[in-house]
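Notes for the one structure printed next.
What follows is calculated from the coordinates using simple rules that are stated; it is not laboratory data. From a predicted model like this one, the values you see are computed outputs, not experimental measurements. Because the Cβ atoms are built from the backbone with ideal geometry, glycine has one as well, and the counts that use them run over all protein chains shown.
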């Protein structure tokens, strides 16, 4: 029988403080102010977080990005820093 090997699934780590802040924002209906590491996007200055989920390879936050006036799926491990903002005015029914 030939040798068999498996490749480990890459996984990212979301800092506990980031995860706690995002969950608190969801629970209390607040926005988050984050420094988001991305080549193609503007810095994420203010977002209304709607949900947070684990996609198998890492945590993702679905959020309304006020700077672009649309909903984005953000990879939580790319948030270099995050803090709570003001109460959110995002209408959850608009996320399609």
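Between residue 7 and residue 70, 0.36 nm times their residue separation minus their Cα-Cα distance comes to what?
19.0 nm
What's the exposure ranking of 78, 27, going from fewest to most Cβ atoms within 10 Å?
27, 78
Highest mean first, how do 28-36, 52-60 rank when packing is the count of other Cβ atoms within 10 Å averaged over residues?
The packing order, highest mean first, is 28-36, 52-60.
Taking neighbour Cβ counts within 10 Å as the exposure measure, how do 86, 69 sort from fewest upward?
69, 86
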